[in-house]
Amino acid sequence: MGLRDRFRNLYLGLDGEKAVGQYLERLRSEGCRVYHDIIGKGFNIDHVVISPHGVFVIETKTYRKPSRGQAVVEYDGERILINGFEPERNAVIQARALGRWLREILEESTSRKFPVKSVVVLPGWFVEVQAKTKTDVWVLNPKALPSFVAHEPVIFGADDIALISSRINTYMQDVIP
């Protein structure tokens, strides 16, 4: 891949993360806390949403749409196919790892186990979920996320949301001096 293609892909990814971040900001009016770019050692979490319905780690994947035909993502519960092709990096495995990392950070700092749901969002793509059973990772168009979150049971009160937010804020301040 040439330098020009690398820059185009980099800008495409940045545009996707920015668009998803702006979309997620709307959730604040519904009482959610939203964080962007939480940095770990050698990786980052694109977005985290904390709501009464849970903690959601969101990994944004942006792919160029085909010039003709439909832009369809298929998800079978383990892997994603973009117009029939499997991407080089498995976003489902990545999202699971990010969720596990955040769950461990929260447990270390609070001595409590908070459930964390991992989500992969693909801006601009129609997502067909073909999993036969309920999956531990959601793969969605970002516009579907508020509805998916709203259909989850309420598991956190204001105190839990404040505690989780406080720990994420403290972590972010410790990482970025």
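The values are calculated or read from the model by the stated rules, or taken from the named source; none is laboratory data. Predicted model only: the values in this text are computed from it and were never measured. Positions of Cβ are backbone-derived with ideal geometry, glycine not excepted, and every protein chain shown enters the neighbour counts.
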Original post:
Going through region 98-110 one residue at a time, which ones are surrounded by fewer than 15 Cβ atoms within 10 Å (Cβ to Cβ) and either of a type outside the set (S, T, N, Q) or over 19 Å from ASP159 (Cβ atoms) (or both)?
Top reply: ARG100, GLU104, GLU107, GLU108
Subject >> Counted residues, region 30-57 - those being of a type outside the set (A, V, I, L, M, F, W, C), over 17 Å from ASP160 (Cβ atoms) and in contact (Cβ under 8 Å) with a residue 24 or more places away in the chain >> reply: 3
Subject >> The one condition in (1) without any contact (Cβ under 8 Å) to a residue 12 or more places away in the chain; (2) of a type outside the set (Gly, Ala, Ser); (3) in contact with a Leu (Cβ under 8 Å, 6 or more places away or on another chain) that LYS134 fails to fulfil >> reply: (3)
Subject >> Hits in region 83-103 - residues which are among the hydrophobic types (A, V, I, L, M, F, W, C) and either part of a strand (DSSP E or B) or at pLDDT below 90 (or both) >> reply: PHE85
Original post:
Considering only strands (runs of 3 or more DSSP E) fully contained in region 104-149, which possess at least 1 residues that are within 13 Å of GLU74 (Cα to Cα) and acidic (Asp, Glu)?
Top reply: 126-129
**OP:** Starting from residues that are hydrophobic (A, V, I, L, M, F, W, C) and farther than 30 Å from ILE164 by Cβ, keep the ones in region 74-97 and report whichever is surrounded by the most Cβ atoms within 10 Å (Cβ to Cβ).
**Re:** ILE82
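Suppose we filter region 111-140 for residues that are surrounded by 17 or more Cβ atoms within 10 Å (Cβ to Cβ) and either in contact with a Pro (Cβ under 9 Å, 6 or more places away or on another chain) or not hydroxyl-bearing (Ser, Thr, Tyr) (or both); how many remain?
Looking only at region 111-140, we keep the residues that are surrounded by 17 or more Cβ atoms within 10 Å (Cβ to Cβ), and these are 114, 116-123, 125, 127, 137-140.
Then drop every residue that is not either in contact with a Pro (Cβ under 9 Å, 6 or more places away or on another chain) or not hydroxyl-bearing (Ser, Thr, Tyr) (or both), which leaves 114, 116-117, 119-123, 125, 127, 137-140.
Residues meeting the conditions: 14.
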**OP:** Select from region 74-100 the residues that are more than 17 Å from SER118 (Cα to Cα) and among the aliphatic types (A, V, I, L, M) and list them in ascending order.
**Re:** LEU81, ILE82
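I'd like the full set of residues that are part of a helix (DSSP H, G or I) and in contact with a helix residue (DSSP H, G or I) (Cβ under 9 Å, 6 or more places away or on another chain), limited to region 150-162. Before the answer, list the steps.
Start the filter on region 150-162 by keeping residues that are part of a helix (DSSP H, G or I), which leaves 150, 158-162.
The answer is ALA150, and nothing else.
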